[in-house]
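Peer 1: Below: one structure in structure tokens.
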Amino acid sequence: MRGHDSSVNSVAFELNGQTLISGSDDSTIKFWDIKTGECLKTLKSDRPYENMNITGIKGLTDAEISTLKALGAVEN
């Protein structure tokens with residue numbers, strides 16, 4: 001199955017056994033029909049800090065920096 005724009009980091013089967021769910025570093029979750037390989041649905045997470053430059057911001061812990069980056073922030 002192809003469809004994610006980045007690495008897939010988690011997969012699971014829906015309880016019905018007919019659908020595979022994949023999560024990716026491209027911030028999407030996709031639902032796949034396991035018989036046809038067709039993507040049934042795509043969920044995209046909100047990234048409220050997309051492209052926010054956090055370089056040089058003082059007082060942030062490493063955990064806070066990691067969280068901000070996961071939400072779209074960047075360090076240049």
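No lab work stands behind these numbers, since they all come straight from the coordinates. For clarity, every value in this text was computed on a predicted model and none was experimentally measured. All Cβ positions, glycine included, derive from the backbone under ideal geometry; neighbour counts span all protein chains shown.
Peer 1: Could you list all residues from region 46-76 that are outside any helix (DSSP H, G or I) and either of a type in the set (Lys, Arg) or within 17 Å of Val11 (Cβ to Cβ) (or both)?
Peer 2: If the condition is that a residue be outside any helix (DSSP H, G or I) and either of a type in the set (Lys, Arg) or within 17 Å of Val11 (Cβ to Cβ) (or both), then Arg47, Lys58 are the ones that fit.
Peer 1: To continue, here is another question. Can you report the number of residues in region 30-71 which are charged (D, E, K, R), farther than 16 Å from Gly3 by Cβ and touching an Asp or Glu at 6+ places or on another chain (Cβ under 9 Å)?
Peer 2: Here the count works out to 1.
Peer 1: Something else now. Go through (1) within 23 Å of Leu68 (Cα to Cα); (2) surrounded by 11 or more Cβ atoms within 10 Å (Cβ to Cβ) one by one and return the number of the condition Lys44 breaks.
Peer 2: (2)
Peer 1: Hey, among Leu40, Leu15, which residue is over 16 Å from the mean Cα position of the chain (by Cα) and part of a loop (DSSP other than H, G, I, E, B)?
Peer 2: After ruling out the rest, the residue left standing is Leu15.
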